1. Identify, by number, the condition in (1) more than 14 Å from chain B (Cβ to nearest Cβ); (2) farther than 23 Å from A:LEU14 by Cα that A:VAL146 doesn't meet.
2. So, B:LYS64, is that one in contact (Cβ under 8 Å) with a residue 24 or more places away in the chain, away from the ligand (no atom under 16 Å from the Cβ), surrounded by fewer than 19 Cβ atoms within 10 Å (Cβ to Cβ) and not aliphatic (A, V, I, L, M) or not?
3. Among the residues of segment A:121-135, is there at least one that is surrounded by fewer than 24 Cβ atoms within 10 Å (Cβ to Cβ), assigned to a strand (DSSP E or B) and touching a Pro at 6+ places or on another chain (Cβ under 8 Å)?
4. So if I check each of A:SER93, A:SER172, A:SER77, A:SER101, which one is more than 14 Å from chain B (Cβ to nearest Cβ), in contact (Cβ under 8 Å) with a residue 40 or more places away in the chain and not aliphatic (A, V, I, L, M)?
5. If B:ARG120 satisfies all but one of (1) basic (Lys, Arg); (2) at positive phi; (3) away from every other protein chain (no Cβ under 14 Å), what's the number of the condition it fails?
6. Just checking, how many residues over segment A:180-206 are open to solvent by 60 Å² or more (accessible area, probe 1.4 Å) and not acidic (Asp, Glu)?
7. If we scan segment B:93-102, do we find a residue that is within 16 Å of the ligand (Cβ to nearest atom), on the phi < 0 side of the Ramachandran plot and within 14 Å of chain A (Cβ to nearest Cβ)?
8. Show the residue pairs meeting these rules: Cβ distance below 7 Å; 6+ apart or different chains; first residue within segment B:130-149 and within 11 Å of chain A (Cβ to nearest Cβ) and under 20 Å from A:ASP130 (Cα atoms); second residue away from the ligand (no atom under 16 Å from the Cβ) and open to solvent by 20 Å² or more (accessible area, probe 1.4 Å).
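The values are calculated or read from the model by the stated rules, or taken from the named source; none is laboratory data. Remember, predicted model here, so these are calculated numbers, not experimental data. Positions of Cβ are backbone-derived with ideal geometry, glycine not excepted, and every protein chain shown enters the neighbour counts. To get the accessible areas, we keep the full protein, side chains included, count just its heavy atoms, and leave off ligands, DNA and RNA. Shrake-Rupley method; radii C 1.70, N 1.55, O 1.52, S 1.80 Å.
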Amino acid sequence: MDNPYRGVDVISILDFGRRELELLFEYADKAQKYARSKIESLKGKVVALAFFEPSTRTRFSFEVAAKRLGADVISISGEEAISTAKGENLADSVRMLDYYSDLIVIRHKYEGAAKFAAEIAVNPVINGGDGWQHHPTQAMIDLYTVQKLFGTVDGLKYALVGDLKYGRAITSFLYGLTRFKPSAVYLVSPEQLKPREEVLTKVRELGLKYEVLESLDPIIDEVDVVYVSRIQKERFPDPLEYAKVRGSYTIDLKLLSRAKPGLKVLHPLPRVDEIALEVDSTVYAAYFYQASLAVPVRMALLSLILGGEL
Amino acid sequence: MSNATLTVSKIRSGTVIDHIPSGKAIEVLRILGITGREGYRMAILMNVESRKLGRKDVIKIEGKFLDAKELNLIALVAPTATINIVEEFEVRKKFRVAVPDVVEEVLKCPNSTCITNKEREPVKSIHKKVRDDPLEFQCMYCGTIVRVG
Ligand SMILES: [Zn+2]
């Protein structure tokens with residue numbers, strides 16, 4: 001297969017089909033060899049990290065991935081991002097970074113910011129999260145994690161739990177599943193945080209069947225993957241409502257006592273209390289393993305886009 | 001003969017937008033970007049009798065020929081509208097407006113954190129039609145659905 005990633009933007013996981021994602025997985029396998037060393041395949045390239053919204057994991061893992069491949073990294077974050085937010089507009093910032101670098105990774109609180117940046121930049125743009133909309137590289141990591149854990153993404157039963165309305169990682173994961181053949185997809189959230197109608201419409205158009213539920217209880221004994229996302233307090237005008245909802249979506253040992261033996265729990269992290277600490281040491285916990293795959297997957301993606309060999 | 005032609009003289013050449021739902025003429029002008037300050041001789045008839053609609057609005061603009069792309073925007077607020085292109089007092093062309101598949105800089109995205117609503121950014125709103133009945137467009141930047149009409 002020719003490299004379909006060469007020079008492309010990564011705005012949504014839906015920009016990629018199954019074969020492209022599988023090629024990425026192959027590259028991620030190769031990249032794992034270098035997860036503790038360094039190669040020079042992107043020597044001379046500059047990767048710009050433009051994080052206009054706070055991030056540690058995504059920013060660090062992109063930085064490490066770029067550096068392991070021998071690329072140089074420049075970044076806007078913290079103070080600069082704040083001063084940029086006050087003064088220079090996004091378009092000008094993107095233009096400047098585009099002159100200085102070969103690829104821009106952008107995170108921004110406005111939905112559509114990455115698409116807009118990609119329209120301005122000549123070089124490729126990777127969406128590191130735009131508001132509540134997309135987080136395509138997280139979905140790539142998550143799908144790859146499932147692939148590694150089960151040897152396949154197909155034929156499994158998935159429960160997506162938590163904030164399905166504003167959670168960009170979990171929404172992107174759902175979009176990503178449309179490229180595969182899961183045997184069941186359960187969307188589990190409180191009424192207020194059900195997926196947006198346009199997301200469900202899209203998923204249906206792409207032929208994915210799903211079931212909307214308000215509790216994990218009835219399906220915990222049949223699912224293979226539980227993907228958990230954080231329910232944020234800010235999403236609830238009434239603190240009592242939040243308190244009520246919060247507890248009922250916590251993954252703990254009591255809930256897992258009825259789980260299938262092979263069940264795996266994923267979470268894009270950071271977590272607060274949606275997964276009880278007691279779960280960490282069980283065979284169900286796959287979220288730290290998932291986090292460990294962020295660097296190889298991002299190395300694979302950067303290599304494919306910038307034409308570096310692995 | 002409709003009331004409209006009784007009360008306002010025919011135009012020599014220009015565009016007649018007929019069968020606008022009653023009360024929508026002002027919105028039609030707004031979507032066309034016509035303020036009245038352009039200097040065209042123009043008649044706006046509102047709430048006149050219509051055999052088809054009961055009541056309707058009509059706009060006649062002397063000396064102005066709108067292209068199909070502009071005219072199709074009318075369908076967003078007045079799907080029943082018909083267009084007559086008049087030359088030398090004769091109707092040369094007559095057609096219905098059709099809802100465009102993509103509109104640029106016409107609809108505002110209702111999502112306040114959409115990049116198209118960020119101040120001082122050179123970004124145009126672009127919407128794609130996703131449904132006819134009810135008429136719905138989708139923001140190409142954030143995916144938010146806008147129901148029109
Ligand atoms: Zn929008």
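1. All conditions pass for A:VAL146, except number (2).
2. Details: in contact (Cβ under 8 Å) with a residue 24 or more places away in the chain: yes; away from the ligand (no atom under 16 Å from the Cβ): yes; surrounded by fewer than 19 Cβ atoms within 10 Å (Cβ to Cβ): yes; not aliphatic (A, V, I, L, M): yes.
Against the criterion (in contact (Cβ under 8 Å) with a residue 24 or more places away in the chain, away from the ligand (no atom under 16 Å from the Cβ), surrounded by fewer than 19 Cβ atoms within 10 Å (Cβ to Cβ) and not aliphatic (A, V, I, L, M)), B:LYS64 qualifies.
3. First, the residues of segment A:121-135 that are surrounded by fewer than 24 Cβ atoms within 10 Å (Cβ to Cβ): A:121-124, A:131-132.
Subsequent filtering for residues that are assigned to a strand (DSSP E or B) retains none.
No, segment A:121-135 contains no residue that is surrounded by fewer than 24 Cβ atoms within 10 Å (Cβ to Cβ), assigned to a strand (DSSP E or B) and touching a Pro at 6+ places or on another chain (Cβ under 8 Å).
4. Working: A:SER93 fails: more than 14 Å from chain B (Cβ to nearest Cβ); A:SER172 fails: more than 14 Å from chain B (Cβ to nearest Cβ); A:SER77 fails: in contact (Cβ under 8 Å) with a residue 40 or more places away in the chain.
Every option except A:SER101 fails the conditions.
5. Just one mismatch for B:ARG120, condition (3).
6. Initial filter on segment A:180-206 (open to solvent by 60 Å² or more (accessible area, probe 1.4 Å)): A:181, A:183, A:191-192, A:197, A:202, A:204-206.
Those still in the list that are not acidic (Asp, Glu) too: A:181, A:183, A:192, A:202, A:204, A:206.
Of the residues in that region, 6 qualify.
7. no
8. none
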